[in-house]
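Working notes for the structure below.
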Amino acid sequence: MTRVGIDAWIRAGLLALPVYGLLTMWSTWDAQPDQVADPEAWAQYVSSTGYVVDHALGAIGGAVLAILGVFALGCFLSGSRAGRLGLGAMVATVAGHALGLAIGGVSAFATPAVGRAYLAGITEVMRIEFPTGMIVVFALAVLLMFVGNVLLGWAVWRSGILPKWAGATWALSAVLFYVLGAVLGAATTGGSLPTQPLGAALMVVSGAWIAWSAGRRSVHATLGASAPHV
């Protein structure tokens, strides 16, 4: 494949980043009720068709796009001053999303069954506990995604070929989404917090900024021109 063809594939992959942010923002927009404080509301929420669609398309579909987008970003950064950092961050982030797909599948397809059973009068179903292994996988997935995305933001900042503040925004989105969103939500309400759609919104902004800037630079490089610093 020619360099022009490779650039086209990378540019297409980078477009997955803002789309991933949009899907993630959509899937976390409605806060999930507290399972312990209000099990009736929680059961109605997770047993709805909208919940399954949100998680199947938003969470799982978003994770697939994130993997594609992050892989493209790692490839784009490989020739920059932060090449090694970008590739290492890519590996960590993709591994985190891959592990998270297992958790997303349980959340999308097993949790609604629990909710329907509770609404049918089988209240004992709320006593079901997931195995420790699943909790470990969830924790590892969140850790890898958080660390990987922060490092990706740092790599963009150091690259010299992409806007520094696009990288800073991407790193900030990871703090809001994972630390102040997923982790804090799991420790308090058991669901999403407003910080998650806010973090996802920053992913949209940063991802679009990165994709646009990378597209401009690739075109200039293809034409043999001196690529501008952005």
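The values are calculated or read from the model by the stated rules, or taken from the named source; none is laboratory data. Small disclaimer: the values here were computed from a predicted structure and weren't measured. Here the Cβ positions follow ideal geometry from the backbone for every residue, glycine too, while neighbour counts run over all protein chains shown. These area figures cover heavy atoms from the full protein model, side chains too; ligands, DNA and RNA do not enter into them. Shrake-Rupley method; radii C 1.70, N 1.55, O 1.52, S 1.80 Å.
Side notes on the structure shown:
- Between ALA37 and ARG216, the contour length at 0.36 nm per residue exceeds the alpha carbon distance by 59.3 nm.
- Net charge, ALA31 excluded, C-beta distance under 15 Å - Lys, Arg +1, Asp, Glu -1: -4
- Solvent-accessible ranking of TRP26, TRP154, TRP9, largest area first, probe 1.4 Å: TRP9, TRP154, TRP26
- The calculated FRET efficiency for TRP165 paired with SER78, based on their beta-carbon distance and R0 = 25 Å, is about 0.70.
- Take the chain with all the other protein chains still there, run a 1.4 Å probe, and you get 49 Å² of accessible area per residue.
- Mean Kyte hydropathy of -0.5 or more with a Cα span along the axis of at least 15 Å, helices from DSSP in the chain: 3-14, 16-27, 61-77, 83-109, 132-159, 164-174, 195-222
- Between the residues MET126, ALA66, ILE103, the greatest Cα displacement towards the positive end of the dipole of the chain, with unit charges on the Cβ of Lys, Arg, Asp and Glu, is found for ALA66.
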